[in-house]
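Okay, structure first, notes after.
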Amino acid sequence: MKKAKKIIVGNWKMNPVTSEEAVKIVSTITREIISSKNVEAVICPSFLHLPLVARYNKKKKIILGAQNIFQDQKGSFTGEVSIDMVKDAGVKYVIVGHSERRKLGETDEIVNKKVHLVLAAELIPIICIGEEKRDDEGHYLGFIKNQIQQALRRVGPSQLTSIIFAYEPIFAIGAAEAMKSNDVHGMTIFIKRTIMELYKIKAVTIPILYGGAVDPTNAHSILTIGDADGLLIGRQSLDAKSFLDILTSARDIK
Ligand code: PGA
């Protein structure tokens with residue numbers, strides 16, 4: 001069987017402050033990146049920097065993503081950005097339901113609406129899920145299962161090939177240390193099993209990314225021991241060298 005590409009996604013969040021810095025990061029990455037059949041490099045800049053990053057994305061060496069979209073396709077929504085706008089800007093992926101957005105009030109229902117908008121636009125949602133904390137009784141597993149079910153409401157089995165999940169335990173986001181690779185492995189298995197049960201299917205090809213304190217020292221282990229299909233990277237994606245090092249770790253996996 002052909003091995004799927006590792007998907008390495010940089011989520012720039014509300015950074016960097018200036019256009020100049022954004023251009024510098026993307027220029028360094030596109031200049032030094034070594035293309036590989038094994039890896040897809042994705043950057044999700046702020047909406048403001050998206051066209052700029054697209055312009056400096058030499059030879060289209062990186063793929064673009066959006067960090068969010070509004071939950072309605074069109075209308076009078078001051079300050080919002082629509083799915084059609086990000087599609088027009090050239091993105092392939094849209095991050096949906098990041099925990100930082102959920103914290104601002106994004107419900108499972110809104111996440112599901114956004115998933116449908118992204119799929120209808122023929123783009124790929126990267127659906128973020130993850131528990132805030134763990135408990136000995138394993139209630140967090142039920143929480144994650146529910147997040148998956150809600151996000152996939154009214155999503156047909158044929159649409160599963162256009163979806164990515166990013167498992168991000170909230171306690172690891174912005175933290176000093178990532179989750180242990182063995183635990184990541186347990187979660188990639190759990191998420192895949194949940195989707196298989198939900199759709200009564202025997203195998204799932206949905207990529208499961210891991211996010212939360214990924215850096216060049218732990219990326220390889222999370223992708224191999226953790227069996228993650230890719231990574232969602234915050235802080236270290238703003239440092240061109242770190243991001244390139246993480247891409248190299250992914251590329252070198254046999
Ligand atoms: P971090 O963020 O890599 O800075 O921990 C991850 C994320 O929020 O996606």
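The values are calculated or read from the model by the stated rules, or taken from the named source; none is laboratory data. These figures come from a predicted structure and were not determined experimentally. Cβ coordinates were reconstructed from backbone atoms using ideal geometry, including for glycine residues, and neighbour counts include every protein chain displayed. Surface accessibility is based on the protein's heavy atoms, side chains included, excluding ligands, DNA and RNA. Shrake-Rupley method; radii C 1.70, N 1.55, O 1.52, S 1.80 Å.
If you average the sequence gap of Cα pairs under 8 Å that are 6 or more apart and divide by the length of the chain, what percent do you get for the contact order?
This gives 21 percent for the chain.
Got the relative contact order for region 94-135 handy, in percent, Cα pairs under 8 Å and 6 or more residues apart?
About 57 percent, as a whole number.
If you find the alpha carbon centre of region 189-254 and of region 150-173, how far apart are they in angstrom?
For region 189-254 versus region 150-173, the Cα centre distance is 14 Å.
What relative contact order, as a whole-number percentage, does region 142-254 give when Cα pairs under 8 Å and 6 or more residues apart are counted?
Here the relative contact order equals 28 percent.
Name the longest site-free stretch of the chain, where the excluded sites are GluC sites (Glu not before Pro) in a DSSP loop with no more than 12 other beta-carbon atoms within 10 Å.
Longest run free of exposed loop sites: 1-121.
Counting other Cβ atoms within 10 Å, keep those with at most 13, restrict to DSSP loop, and tell me which chymotrypsin sites (Phe, Trp or Tyr not before Pro) in region 27-125 are left.
Phe77
I'd like to check one number: the per residue accessible area of the chain, probe 1.4 Å, reported in Å² as a whole number.
For the chain, the solvent-accessible area averages 50 Å² per residue.
Probe radius 1.4 Å, ligands and nucleic acids left out: which of Ile34, Ile246, Ile253 has the largest accessible area, and how do the rest follow?
Per-residue accessible area, sorted high to low, gives Ile34, Ile253, Ile246.
Sorted by accessible area with a 1.4 angstrom probe, largest first, how do Met14, Met187 fall?
Output order, biggest surface exposure first: Met14, Met187.
Within region 3-64, list the trypsin sites (Lys or Arg not before Pro) lying in a DSSP loop whose Cβ has at most 10 other Cβ atoms in a 10 Å radius.
Lys3, Lys37
Of all accessible surface on the chain at a 1.4 Å probe, what whole percent is carbon and sulfur?
Accessible surface attributable to carbon and sulfur in the chain totals 53 percent.
Test of the criteria: in region 125-213, which trypsin sites (Lys or Arg not before Pro) are in a DSSP loop and have at most 11 other Cβ atoms within 10 angstrom of their Cβ?
Those that pass, being in a loop and sparsely packed, are Lys133, Arg154, Lys200, Lys202.
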